[in-house]
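As structure tokens, the structure follows; a few thoughts come after it.
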Amino acid sequence: MEEADKDVRSDEAPATSGGPGDEHDPGPELRLVVVSEAGKGTEFPVSRDETVIGQEEGSDIVLGDDRFASGKHARIVCEGDQLFLEDLDSLNGTYVRITGRVPLEPGTEVLVGTTRLHVGFSRGEVS
């Protein structure tokens, strides 16, 4: 399957940036941005609890037709002020070359299957 044909979507509603005057503005929201050709520029909010990435319906970020991604491939969890990326025993691993758990920082790029994701806080951060 051509990379451009892949289906990449989120089961969550699109994130909104609480603009000026928004009394519930929590500040910058951590997001994953697809940087590979299929779905390039698509942004997904990262939950402060757990965000699951994979091919399976019910994942928070569904990588649809990425045949190299497992059903539930990886997850991002928040503990205090630190985010961690954890591979969920996927067949092909999750790169930032891990098979376990590592802290995530803005600017980190992650490869899940053949989908490249960029960790950032706002639109326009990815070049």
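The values are calculated or read from the model by the stated rules, or taken from the named source; none is laboratory data. What you see is a predicted model; the values in this text were computed from it and never measured. Neighbour counts run over all protein chains shown; Cβ positions are idealised from the backbone, glycine included. Ligands, DNA and RNA are stripped out before the accessible areas are found, and what is left, the full protein with its side chains, is counted by its heavy atoms. Shrake-Rupley method; radii C 1.70, N 1.55, O 1.52, S 1.80 Å.
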### Task
Out of the residues in the stretch 24-51 that are buried (at least 17 other Cβ atoms within 10 Å of the Cβ) and in a strand (DSSP E or B), state the one that is modelled with the highest pLDDT.
Thr51
### Task
Output the residues belonging to the stretch 72-109 that are under 20 Å from Ala38 (Cα atoms), at pLDDT 85 or above and crowded, with 20+ Cβ neighbours inside 10 Å.
His73, Ala74
### Of residues in the stretch 1-10 being part of a loop (DSSP other than H, G, I, E, B) and open to solvent by 80 Å² or more (accessible area, probe 1.4 Å), the one modelled with the highest pLDDT
Glu2
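Can we say Thr108 is over 16 Å from Pro45 (Cα atoms) and within 13 Å of the chain's Cα centre (by Cα)? Let's see the steps before the verdict.
Details: over 16 Å from Pro45 (Cα atoms): no; within 13 Å of the chain's Cα centre (by Cα): yes.
No: the conditions fail for Thr108.
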